[in-house]
Amino acid sequence: MTEIRVPTLGESVTEATIGKWFKKPGDAVAVDEPLVELETDKVTIEVPAPAAGVLSEIAARDGQTVAVGALLGQIQAGAAAAKVSAAPAAAAPNLPASSPASKPPEAPAARADVPLAPSVRKLTAESGIDAATVPGSGRDGRVTKGDMLAAIERAAAAPIPVAQPAASIAVRAQSVPDDASREERVKMTRLRQTIARRLKDAQNTAAMLTTFNEVDMSAVMHLRNAYKDLFEKKHGVKLGFMGFFVGACVLALKELPAVNAEIDGSDIIYKNYYHIGVAVGTEKGLVVPVVRNADALSLAGIEKTIGDFGRRAREGALKIEDMQGGTFTISNGGVYGSLMSTPILNAPQSAILGMHKIQERAIVIAGKIEARPMMYLALSYDHRIVDGREAVTFLVRVKECLEDPARLVLDL
């Protein structure tokens, strides 16, 4: 028998949820054929078959939470595998997610005399979860950073009861007796739970403000129309708007390093590199893949990277490392028709730029009223580290670059 186990999921990711099985017991499988889909905090991962044969057992069912290294199922390999009947395998007990048999063994409880690591003390202070109540998986029962992150995630995922007066419940039951039959209850995916928790944490932690400006997109649109065919022919990728925005943001971040920094306790970490996250909406939720070292990429390199991320996001093929390490984020609500919004921070980053719909508006140019393609820009920022002067200046620099794109180095 060949065991199928949960692979390593990435830094600080200790468990996942079974999304769905692509095979059922008794089905033949080939080497590296996708068997089961795992949902983590950030991405969906397909686990391939480690050997050819017949899937003889499924040990973890859809919706069940499993730890790294946990048994998912077994494959009977070799010539005899073809003779395996699906019936005995189908009779395997369907264990609920809460069944003791499906849970990974608990680590020994943390010893009171073992000192806590600084990262654990920090997470304890931020989350309010007592490290003494968290089972430690480290040496001598020590609580690790991974143990604390898993405990925080479990606490965030737990349902919060909302008290309602008995009288209001009775009135609602009398007035709308069949509403319950028209409701559908669906368990939140791990990705959606993580999005909800991270966004609320950002709102609770940062002193978040938003400043606005508008940009005349005439020059960028003229440049795209003039060179789009040549650009696509030479580089094999379409010339979009996002490449211009990434380039403009990098130039502005170099001038205003606080916007590219983050707070760590009582320290400010200034990052002399530019990893730009680009928010991408998918059917399962919002993901933010990162264009690394964007300052070293040409416009074509940026567009190729973003195009590849978009394709893989739609296919569910993004990896965890694709979404780690960002220093600044750009979100484009304009693709959905948003005219103006206040984007929320992607913690621990200190700022996020919101793009919006391009719309012709009447503006005054040299004393004359003209119709121009205008876009509102919004910069949400953490006022604990970024001052209003820096935030406003950042948006002005982005506006100047986009209205005079010759400032950007174009590899046409």
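Which strands (runs of 3 or more DSSP E) sit wholly inside the stretch 263-381 and have at least 2 residues that are farther than 30 Å from residue 19 by Cα, at pLDDT 90 or above and open to solvent by 40 Å² or more (accessible area, probe 1.4 Å)?
Result: 267-269, 359-365.
Looking only at residues in the stretch 382-412 that are over 24 Å from residue 267 (Cα atoms) and acidic (Asp, Glu), which one is modelled with the lowest pLDDT?
411
Taking the stated definitions as given, is residue 237 in contact with a Lys or Arg (Cβ under 7 Å, 6 or more places away or on another chain), modelled with pLDDT of 90 or more, within 24 Å of residue 43 (Cβ to Cβ) and buried (at least 16 other Cβ atoms within 10 Å of the Cβ)?
In short, yes.
Going through the stretch 175-188 one residue at a time, which ones are closer than 25 Å to residue 66 by Cα and either surrounded by 10 or more Cβ atoms within 10 Å (Cβ to Cβ) or small (Gly, Ala, Ser) (or both)?
187, 188
Given the residues 354, 334, 310, 316, which is the only one that is in contact (Cβ under 8 Å) with a residue 12 or more places away in the chain and closer than 24 Å to residue 255 by Cα?
354
Do we find that residue 216 is more than 24 Å from the chain's Cα centre (by Cα), open to solvent by 70 Å² or more (accessible area, probe 1.4 Å) and of a type in the set (Asp, Glu) in this structure?
Considered against the rule, which asks whether it is more than 24 Å from the chain's Cα centre (by Cα), open to solvent by 70 Å² or more (accessible area, probe 1.4 Å) and of a type in the set (Asp, Glu), residue 216 comes out as no.
Go over the candidates 87, 101, 92 one by one and state the one that is in a helix (DSSP H, G or I), at pLDDT below 50, under 16 Å from residue 23 (Cα atoms) and among the hydrophobic types (A, V, I, L, M, F, W, C).
Residue meeting the stated conditions: 87.
Suppose we keep only residues that are assigned to a loop (DSSP other than H, G, I, E, B), modelled with pLDDT of 85 or more and among the aliphatic types (A, V, I, L, M) within the stretch 1-30. Which one would you say is most open to solvent (accessible area, probe 1.4 Å)?
The residue in question is 30.
If you check 209, 191, 230, which single one turns out to be more than 24 Å from residue 305 (Cβ to Cβ) and either modelled with pLDDT under 85 or open to solvent by 50 Å² or more (accessible area, probe 1.4 Å) (or both)?
After applying the criteria, what remains is 209.
The values are calculated or read from the model by the stated rules, or taken from the named source; none is laboratory data. Because the structure is predicted, anything quoted here is derived from the model rather than measured. Here the Cβ is made from the backbone with ideal geometry for all residues, glycine too, and neighbour counts use every protein chain on show. Please note that ligands, DNA and RNA were not included when accessible areas were found on the heavy atoms of the full protein model with its side chains. Shrake-Rupley method; radii C 1.70, N 1.55, O 1.52, S 1.80 Å.
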